[in-house]
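The values are calculated or read from the model by the stated rules, or taken from the named source; none is laboratory data. Bear in mind that the values here come from a model prediction, so they are computed numbers and not experimental data. Positions of Cβ are backbone-derived with ideal geometry, glycine not excepted, and every protein chain shown enters the neighbour counts.
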Amino acid sequence: IDNKDNLGLDKSIYFSGDEVQLSFRGTKDSYVTILNIDEEQNVYLLYPNKFVQSNFIKAGEIFKIPGNLGINLKASLPEGKSETLELLHIIVSKKESLFSAEETKEISMEEYNLFSIGEFKRAIERLAKLNRDEWTMMVLPYTIKAK
């Protein structure tokens with residue numbers, strides 16, 4: 001994953017309802033998995049998902065959300081909170097996606113659909129099954145505040 005050219009998240013602080021912009025460059029042909037982890041260690045699969053299942057990117061290609069994938073991300077606060085810290089985990093692997101849309105439980109939150117994979121422990125267990133030279137990860141923290 002290449003983060004040069006000011007790629008990554010467009011901001012470190014979002015207000016609830018803001019559109020989140022993410023970009024990065026693949027350094028090798030690989031498969032992309034993007035997970036969002038909230039303060040309660042709930043993990044949501046952002047990409048791939050039931051709407052966009054092909055997650056292969058070529059070396060040198062810039063991955064963008066929003067972009068030509070038809071995916072939009074909106075910052076949203078958990079009910080009853082005025083501020084929260086969340087983490088995006090961008091995982092690229094040589095062989096396959098870390099999780100598939102079929103493994104998720106769809107949850108509706110306001111007008112958004114979230115794809116839950118359960119607790120953070122499950123994501124770590126899945127990574128542990130791969131050889132360390134088969135994947136890399138970039139973690140991007142961000143804050144969401146009430147308007």
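Observations on the structure shown:
- Count of residues meeting criterion [surrounded by 13 or more Cβ atoms within 10 Å (Cβ to Cβ), among the basic types (Lys, Arg) and in a loop (DSSP other than H, G, I, E, B)] in region 57-115: 2
- Considering each residue of region 125-133 in turn, at least one proves to be under 24 Å from residue 28 (Cβ atoms), among the acidic types (Asp, Glu), at pLDDT 90 or above and not in a loop (DSSP other than H, G, I, E, B).
- Condition check for residue 26: more than 23 Å from residue 134 (Cα to Cα) and modelled with pLDDT under 90: no
- Residue tally, condition surrounded by fewer than 16 Cβ atoms within 10 Å (Cβ to Cβ) and under 14 Å from residue 69 (Cβ atoms), over region 22-45: 0
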